Amino acid sequence: MHDPNCLFCKIIAGQIPSKKVYEDEQVFAFHDIHPWAPVHFLIVPRLHLHSMAAVTPEHAGLLGHMMALAPKLAMEQGCNPYPDGGFRIVVNTGTEGGQEIHHLHMHVIGGPRPWLRG
C-alpha cells in the first residue's frame, strides 16, 4: 500500500531526494533532515502504515526486521559499540505522541553524548 500524498512514500519512491542509508524490499532508511545527534536516521517501512497504532500481528515480521536492522545500521553510521557507546530508538505515535509524518518510522539516534536528552 502506498499513499500518494505521504511525504515518506514520496521519498521511498524517489520523488523527493534523501540521503539514503539503506534499502531492501521491506524498508527504506535515510538521514533525518533535522538531526538531533551526530547519527540520526529513520527506518521506514515501504508499506504505508499510519503509525504504531495501525500495527497488527501480521506486521510482526516487518517490525522485527526493522528492530534487527537498527543496530547494524547504527554501527555503520558511526555509533560506538555497546556498552560504552550505543544508540536510541524512538517511535512516535500519533499527534499527541509527537509524530509529525503519519507514516510509521523509527528514529535511530546516537553518537557522542552531548545531544542526549532525558
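Only the coordinates and a few stated rules stand behind these numbers; no lab work does. Predicted model, so just to flag it, every value in this text is computed and none were measured. Counting neighbours? That spans all protein chains shown, and the Cβs are built from the backbone with ideal geometry, glycine included.
So the values come out like this:
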quantity	calculated
Free-standing Cys, the chain [no other Cys Cβ under 4.7 Å]	Cys79
Rounded to 10°, Cα long-axis angle of helix 60-76 versus longest principal axis of the chain	40 degrees
Amide H within-cut-off set for Trp36, under 5 Å, with H built and near neighbours excluded	none
3J(HN,Hα) from dihedral phi, segment 91-107, Karplus parametrisation 6.51/-1.76/1.60, rounded to Hz, x for glycine, proline	10, 7, 10, x, 4, 5, x, x, 6, 9, 10, 8, 9, 3, 7, 10, 8
Cα-based reach from Lys72 at 21 Å (exclusive), listing lysines while leaving out same-chain residues under 8 positions away	Lys19, Lys20
For segment 71-112 versus segment 1-46, the gap between their alpha-carbon centres in whole angstrom	13 Å
Footprinting exposure proxy for Asp24, Asp84, Asp3, Asp32 (fewest neighbouring C-beta atoms within 10 Å first)	Asp84, Asp24, Asp3, Asp32
Estimated translational D of the chain in µm²/s (Stokes, Kirkwood radius over Cα pairs; 4 °C; 1.567 mPa s)	88 µm²/s
Restricting segment 1-75 to GluC sites (Glu not before Pro) in coil, as DSSP defines it, with at most 15 other Cβ within 10 Å	Glu25
Neighbourhood charge, 10 Å Cβ-Cβ cut-off, centred on Cys9 and excluding it, Lys, Arg +1 and Asp, Glu -1	+1
Sparse-neighbour loop sites [trypsin sites (Lys or Arg not before Pro); segment 34-118; at most 16 other C-beta within 10 Å; DSSP]	Arg117
Fluctuation leader among Pro81, Pro57, Pro35 - the chain, Gaussian network, Cα springs under 10 angstrom	Pro57
Residue of Gln77, Gln15, Gln26 that the Gaussian network model of the chain assigns the largest fluctuation, springs spanning Cα pairs under 10 Å	Gln15
Cβ-based charge dipole, the chain, positive-most Cα from Gly111, Ala53, Gly94	Gly111
